[in-house]
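Only one structure is covered here, and it is reproduced in the block below.
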Amino acid sequence: MPQLSHDQKTALDNVLEWYRKDRQAMQYVTLGGYAGTGKTTLIGVIRRELHKIDPGLKVGFVSFTGKAARVLQTKIKEADVMYKQDSVGTIHSLIYTPILNAQEEIIGWKTKEAIDRNLIIIDEGSMVDRTIWEHLVSYRVPMIVVGDHGQLPPISGNFTLMQTPQLRLEEIHRQARQNPIIELSIMAREKGVVTPGRYSRYVVKYDRDDPETGEVMNEMLTNYNTKTLILCGYNKTRKKLNAFIRSALGFESPAPTVGDRVICLRNNHKAKIYNGMLGTILSIEPKNHQAYDVEIEIDGERDTYKGLIAIDQFNADTALNFTENRKLFHGIDLFDFGYSLTVHKAQGSQAKRVILFEERFTKMTDDQWKRWLYTAVTRAEEELYIFPSP
């Protein structure tokens with residue numbers, strides 16, 4: 001067993017006590033942990049200890065997106081806690097089943113009548129929306145929900161599992177503290193300020209007064225690739241950055257075309273797409289004056305998305321609200337250009353390289369700003385470049 005911090009040991013003891021004595025009366029337990037506190041390590045230790053208590057326990061490890069589920073699967077295998085009766089996948093694959101038509105085509109999804117799991121362990125729990133959570137709870141299977149309680153709450157609605165987690169990991173490990181991205185995340189979370197400076201070769205906060213800052217920024221944006229996540233605060237900035245990058249990549253039309261990066265802006269459980277998913281257009285044709293008929297390769301997902309997406313959503317200031325026109329827009333999904341994202345939209349996403357433009361809304365409280373900056377910084381896996389607002 002890896003050496004655990006004091007709060008990891010406390011959380012472990014509490015989880016095991018809950019499993020032994022309370023899981024029937026209290027269906028789930030929530031575990032929040034800041035970046036660098038060892039959430040994934042603890043998940044592995046929890047699974048190993050549960051195996052000692054109940055060798056036949058069937059655990060379903062799940063996450064919101066396919067990409068996150070595959071990352072989770074890799075980490076679980078590296079920790080050697082993947083038992084033969086366990087499964088790893090998306091929440092969707094665990095609790096939903098496809099509805100097929102006469103041609104064996106998927107035309108929708110429905111909840112399964114039952115799931116063959118004795119325990120569900122959810123990673124990235126802050127991304128779970130109210131509908132999916134209610135479906136999960138309905139199976140009456142005990143759950144351990146893990147997430148980061150320092151991040152922003154979901155942008156839609158007021159439902160969040162990580163608002164006040166029952167158990168918390170807040171002790172940053174010594175090894176993690178040596179990571180400059182973790183160092184900046186602590187500054188963001190505690191102070192709401194990242195001071196300009198070079199924290200490593202690949203972690204830099206640029207000074208607005210430095211005459212080279214603009215040149216460096218333009219060069220980085222011009223060299224955009226799919227391993228890069230470009231984040232900002234305002235939608236007007238997002239639109240401006242999307243236009244700049246598309247121009248630099250050689251896209252001449254303002255309309256979306258094959259090869260464009262796009263982001264999903266609204267959940268559609270039947271289509272298996274969720275708010276914040278990124279992808280690349282494989283084919284696109286106008287269907288009518290309202291919609292494009294498209295095929296999109298969604299990052300980290302095995303199946304491509306095929307369907308209708310709204311024409312007017314591209315370059316719109318906000319996500320279109322179809323509530324008053326449901327019949328008119330039935331079956332039309334919402335996508336927009338996905339080169340640059342607001343930090344709210346980037347929750348749950350990570351990238352090897354993150355380019356961040358600091359933009360604080362005037363109505364933000366200090367706590368909201370700290371969560372915004374912390375969420376932005378922790379999207380970066382290896383490289384982080386922070387610029388003043390363009």
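The values are calculated or read from the model by the stated rules, or taken from the named source; none is laboratory data. Nothing here was measured: the structure is a model prediction, and the numbers come from that model. Here Cβ is always computed from backbone atoms with ideal geometry, including for glycine, and neighbour counts include all displayed protein chains. Surface accessibility is based on the protein's heavy atoms, side chains included, excluding ligands, DNA and RNA. Shrake-Rupley method; radii C 1.70, N 1.55, O 1.52, S 1.80 Å.
Values as computed for the structure displayed
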read-out	value
Condition broken by THR74, with the remaining ones in (1) closer than 26 Å to THR131 by Cβ; (2) out of contact with any Leu (no Cβ under 7 Å at 6 or more places or on another chain); (3) polar (S, T, N, Q) satisfied	(1)
Residue pairs meeting the criteria (Cβ under 8 Å; at least 6 apart or on separate chains; first assigned to a helix (DSSP H, G or I), in the stretch 190-217; second surrounded by 11 or more Cβ atoms within 10 Å (Cβ to Cβ) and small (Gly, Ala, Ser))	none
Sole residue being surrounded by fewer than 14 Cβ atoms within 10 Å (Cβ to Cβ) and among the charged types (D, E, K, R), chosen from GLU285, GLU301	GLU285
Residues satisfying the stated conditions in the stretch 1-24, i.e. modelled with pLDDT of 95 or more and hydrophobic (A, V, I, L, M, F, W, C)	ALA11, LEU12, VAL15, LEU16, TRP18
Count of residues meeting criterion [assigned to a helix (DSSP H, G or I) and open to solvent by 60 Å² or more (accessible area, probe 1.4 Å)] in the stretch 218-242	5
Out of THR30, THR37, sole residue that is out of contact with any helix residue (DSSP H, G or I) (no Cβ under 6 Å at 6 or more places or on another chain), assigned to a strand (DSSP E or B) and under 30 Å from ASN275 (Cα atoms)	THR30
Elements of type strands (runs of 3 or more DSSP E) in the stretch 81-134, at least 2 residues being of a type in the set (A, V, I, L, M)	96-100, 106-111, 119-122
From GLY250, GLY276, residue being in a loop (DSSP other than H, G, I, E, B) and open to solvent by less than 30 Å² (accessible area, probe 1.4 Å)	GLY276
Breaking point among (1) in contact (Cβ under 8 Å) with a residue 24 or more places away in the chain; (2) surrounded by fewer than 16 Cβ atoms within 10 Å (Cβ to Cβ), for VAL15	(2)
Filtered residue count, the stretch 304-320, keeping only those that are in contact with a helix residue (DSSP H, G or I) (Cβ under 7 Å, 6 or more places away or on another chain) and either more than 15 Å from GLY338 (Cα to Cα) or surrounded by 21 or more Cβ atoms within 10 Å (Cβ to Cβ) (or both)	1
In the stretch 253-273, the residues that are charged (D, E, K, R), open to solvent by less than 40 Å² (accessible area, probe 1.4 Å) and out of contact with any Leu (no Cβ under 8 Å at 6 or more places or on another chain)	ASP260
Pairs, first on the phi > 0 side of the Ramachandran plot in the stretch 110-131, second of a type in the set (A, V, I, L, M), C-beta under 8 Å, six or more apart	GLU124/ALA68; GLU124/VAL146
Subset tally (residues that are open to solvent by 10 Å² or more (accessible area, probe 1.4 Å) and either of a type in the set (A, V, I, L, M) or assigned to a loop (DSSP other than H, G, I, E, B) (or both)) for the stretch 364-379	3
Odd one out for LEU356, checked against (1) open to solvent by 10 Å² or more (accessible area, probe 1.4 Å); (2) at pLDDT 90 or above	(1)
Sole exception among (1) out of contact with any helix residue (DSSP H, G or I) (no Cβ under 7 Å at 6 or more places or on another chain); (2) assigned to a loop (DSSP other than H, G, I, E, B); (3) open to solvent by 40 Å² or more (accessible area, probe 1.4 Å); (4) modelled with pLDDT under 90 for PRO390, by number	(1)
Residues of the stretch 119-163 classified as at pLDDT below 90 and surrounded by fewer than 15 Cβ atoms within 10 Å (Cβ to Cβ), total	8
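This table checks each residue for (1) over 25 Å from the mean Cα position of the chain (by Cα); (2) farther than 16 Å from ALA79 by Cα; (3) not polar (S, T, N, Q).
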| position | (1), (2), (3) |
| --- | --- |
| GLN3 | yes, no, no |
| LYS9 | yes, yes, yes |
| ASP13 | yes, yes, yes |
| TRP18 | yes, yes, yes |
| GLY32 | no, yes, yes |
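One line per residue, one yes/no per condition, for (1) basic (Lys, Arg); (2) buried (at least 19 other Cβ atoms within 10 Å of the Cβ); (3) over 28 Å from ASP129 (Cα atoms); (4) in contact with a Leu (Cβ under 9 Å, 6 or more places away or on another chain):
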site: GLN3; (1), (2), (3), (4): no, no, yes, no
site: LEU50; (1), (2), (3), (4): no, yes, no, yes
site: ASP80; (1), (2), (3), (4): no, no, yes, no
site: TYR83; (1), (2), (3), (4): no, no, yes, yes
